[in-house]
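> Structure incoming, see below.
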Amino acid sequence: MHTTDDPWQSRYATRTALMVPSEVRALFAVAARPEIISLAGGMPDVGALPTGVMADLVAALLTTHGKTALQYGTAQGDPSLRESICEVMSLEGVAADPDDVVVTVGSQQALDLVTRLFVDPGDTVVTEAPTYVTALAVFAAHQARVAQVEMDEEGVLPGALSETFARLAAQGRPAKLFYTIPTFHNPTGITMSARRRQEVLEVCRRARVLVLEDNPYGLLRYDGESLRPLRASAPDEVIYLGSFSKTLAPGLRVGWALAPPAVREKLVLAAESAMLSQSPLTQMTVDRYLRTQLWQAQLVETCTMYRSRRDAMLRALERYMPPGASWTVPQGGFFVWVSLPEPLDTKAMLDAAVAAGVAYVPGTGFYTGGRGRRELRLSFCYPTPEHVTEGVRRLAAVLQDAWEPLSAPHRIPVLSSR
Ligand code: PMP
C-alpha cells in the first residue's frame, strides 16, 4: 500500500518492518457504515456523558486556573490528578501512593513506555493467548518476540506459564515481561479467578519475571464479586496500567502507570522524552470531574447500560447461534469470545458478514502466528441492546449458511480453513 513508491524506503529503521496496520483498525472504516451493525470495535458509548457539566468545568478551570492549565506541566503528571487516580484504584482494593503514579496519554502510551524501559530488540514478552491486538503492535514496534500462553475459563494456565518461562530461560533469553489483562480480558472477556491470580503471581515471582497488568475494564463489572488486581498483592512485582477511556471518555486520552518507585523514576524520564508532559488542561478537567460526586453516579449508570447490552448479546447468542458454537460469559468489560467448529474460518467469513450487515473481529489478530481462524470477538459496548440482538441474528445467519454446505458431504464448502 505505501512501500513500493516510497522514496524513503531504504532509510527506515529496522523496527518499522514490524509495524503493520491492525486488523481491528482496518475494520473500523467498514464497520462505521450506517447499514452495518458493528460488533467489532471496542469503542465505549460516550453518548450519555454529562458534556454540559464538563463544558462548565473547563470554562471555570480556564477562568480560575488558566495560567496553569495552559502552561507545560510536569512529566509525571498533575499531583492533584495523581491523588484522584489513587482514590479510583482504591475502589478495586489497590493501595497506592500518588508519588508512584505516572500520568500518560491513555494506557496505550504507558504500555509503550514500559516496553521501552524493559525490552531490547529480540527480548521476549510473554502474553496470554489470545491478547490485546495493540499490545502486540507495541511489542512488535519494539522488536520484541512474543510467546503466548494458553488460557482456560479461569485465566492463563499457570503450569504452561511456568514451562514457558523455563523454556525461555533455558534458551538464554528469559522473559522480560508477562503482559496480562486479568479482569474482563480483551478479547475473551475472561476474568482470572482469585486462586489463579495467586498461582500466576507465584509463578512470576519464582521465575523473577515482572508482571505488566493492564486493567482498563476493572470497574465495569456487571455481576459477580469484585476481585483485587494483581498489583494489590504484589506491589513490588507488578506494573499496573489504568485508564479513563472506558469509564469516562477515550477522547480525553488520560491513562496511567503505577510502578514500584525505582521503575517509576525511569518511567518519568521516558514520559518526559516522549511528551514533555500530558496536557495540564485535560488532566485538570479529569481531576475536577472525578472530584464531583457525578463520576461515581455516572459509573453506576454506565455499568447499567453495558449490562443490558451484554445481557442482550448473551440472550441472542443462546437464541440464534447454531449448535457447535461456544462463547464466553463475561461478568464485565466489553467482549464476548466465540469459538466455532472446524473448518469454519472467521476471517474468510467476514466479507459475507459485512454483506449481511454485521461486523466482528476475526480471532487471528489477537494471536501471533496465524492462529485464531475458528474464533471471533464480539463487542457489545456500542450498539443498543436491539442492535446487539439484530447483529447477532445476522451473524448467526451467516454462520448457518457457511455451516450447511459443510455438513452436506456432496457439496464443496464455500468456506475452508485456508
Ligand atoms: N489495554 C487494553 C486491554 C485495551 O483494550 C485498550 C483500549 N482498547 C487499551 C489498553 C488502551 O486504552 P487507552 O489508551 O485508551 O487507555
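> Taking interchain pairs and intrachain pairs at least six residues apart, which have beta carbon atoms under 8 angstrom, with the first residue in the stretch 55-77 and closer than 18 Å to Val254 by Cα and outside the structural domain of Val254 (by TED's automatic domain parsing) and the second of a type in the set (Phe, Trp, Tyr) and surrounded by 11 or more Cβ atoms within 10 Å (Cβ to Cβ)?
Correct list of pairs: Leu57/Tyr289.
> Taking the stated definitions as given, is Val263 away from the ligand (no atom under 15 Å from the Cβ), modelled with pLDDT of 95 or more and among the aliphatic types (A, V, I, L, M)? Spell out the reasoning first.
Values: away from the ligand (no atom under 15 Å from the Cβ): yes; modelled with pLDDT of 95 or more: yes; among the aliphatic types (A, V, I, L, M): yes.
Yes.
> While we're looking at this one, here's another question. Suppose we keep only residues that are without any contact (Cβ under 8 Å) to a residue 60 or more places away in the chain and crowded, with 18+ Cβ neighbours inside 10 Å within the stretch 99-123. Which one would you say is nearest to the ligand (Cβ to nearest atom)? First the steps, then the outcome.
Keep residues of the stretch 99-123 that are without any contact (Cβ under 8 Å) to a residue 60 or more places away in the chain, which gives 119-120, 122-123.
Now narrow it down to the ones that are crowded, with 18+ Cβ neighbours inside 10 Å: 119, 123.
Details: Val119: 17, Asp123: 20 Å.
It comes out as Val119.
> How about the stretch 129-140: which of its residues are within 21 Å of Leu157 (Cβ to Cβ) and without any contact (Cβ under 8 Å) to a residue 60 or more places away in the chain?
So in the stretch 129-140, the residues within 21 Å of Leu157 (Cβ to Cβ) come out as 129-132, 135-136, 139.
The one that is within 21 Å of Leu157 (Cβ to Cβ) and without any contact (Cβ under 8 Å) to a residue 60 or more places away in the chain: Phe139.
> Here's something else I'd like to know. Looking only at residues that are crowded, with 22+ Cβ neighbours inside 10 Å and within 14 Å of the ligand (Cβ to nearest atom) in the stretch 126-137, which one is nearest to Arg264 (Cα to Cα)? Explain how you work it out, then say what you get.
Let us first name the residues in the stretch 126-137 that are crowded, with 22+ Cβ neighbours inside 10 Å, namely 126-128, 130-132, 135-136.
If we keep only those that are within 14 Å of the ligand (Cβ to nearest atom) too, we end up with 127-128, 130-132, 135-136.
Details: Thr127: 22, Glu128: 25, Pro130: 28, Thr131: 25, Tyr132: 24, Ala135: 20, Leu136: 23 Å.
By that ranking, first place goes to Ala135.
> Of the conditions (1) within 30 Å of Gly370 (Cβ to Cβ); (2) open to solvent by 50 Å² or more (accessible area, probe 1.4 Å), Glu265 clears all except one; give me its number.
(1)
> Please go through the stretch 224-249 and give me each residue that is among the basic types (Lys, Arg) and either touching a His at 6+ places or on another chain (Cβ under 7 Å) or within 14 Å of the ligand (Cβ to nearest atom) (or both), ordered by number.
Answer for the stretch 224-249, where residues must be among the basic types (Lys, Arg) and either touching a His at 6+ places or on another chain (Cβ under 7 Å) or within 14 Å of the ligand (Cβ to nearest atom) (or both): just Lys246.
> Would you point out which residue out of Thr131, Thr115 is of a type in the set (S, T, N, Q), under 22 Å from Cys381 (Cβ atoms) and assigned by TED's automatic domain parsing to the domain that holds Leu201?
Just a single option satisfies the conditions, and that option is Thr131.
> If you don't mind, another one. Given the criteria open to solvent by 90 Å² or more (accessible area, probe 1.4 Å) and in contact (Cβ under 8 Å) with a residue 40 or more places away in the chain, does Arg15 qualify?
yes
> Answer yes or no: is there a residue in the stretch 35-48 that is of a type outside the set (Gly, Ala, Ser), free of Cβ contacts under 8 Å to residues at least 24 places away in the same chain and surrounded by fewer than 13 Cβ atoms within 10 Å (Cβ to Cβ).
No, every residue in the stretch 35-48 fails to be of a type outside the set (Gly, Ala, Ser), free of Cβ contacts under 8 Å to residues at least 24 places away in the same chain and surrounded by fewer than 13 Cβ atoms within 10 Å (Cβ to Cβ).
> For the stretch 285-316, enumerate the residues that are in contact with a Gly (Cβ under 9 Å, 6 or more places away or on another chain) and surrounded by 20 or more Cβ atoms within 10 Å (Cβ to Cβ).
Answer for the stretch 285-316, where residues must be in contact with a Gly (Cβ under 9 Å, 6 or more places away or on another chain) and surrounded by 20 or more Cβ atoms within 10 Å (Cβ to Cβ): Tyr306, Arg310, Met313, Ala316.
> Looking at (1) open to solvent by 30 Å² or more (accessible area, probe 1.4 Å); (2) within 14 Å of the ligand (Cβ to nearest atom), find the lone condition where His185 falls short.
For His185, the failing item is (1).
> Can you pull out the residues in the stretch 271-298 that are among the hydrophobic types (A, V, I, L, M, F, W, C) and within 16 Å of the ligand (Cβ to nearest atom)?
Scanning the stretch 271-298 gives Ala271, Ala274, Met275, Val286, Leu290.
The values are calculated or read from the model by the stated rules, or taken from the named source; none is laboratory data. The structure presented is a predicted model; accordingly, all values stated were derived computationally and were not measured. Glycine gets a Cβ as well: all are built from the backbone with ideal geometry, and neighbour counts include every protein chain shown. The protein model used for the area step is the full one, side chains on, heavy atoms only, and it has no ligands, DNA or RNA in it. Shrake-Rupley method; radii C 1.70, N 1.55, O 1.52, S 1.80 Å.
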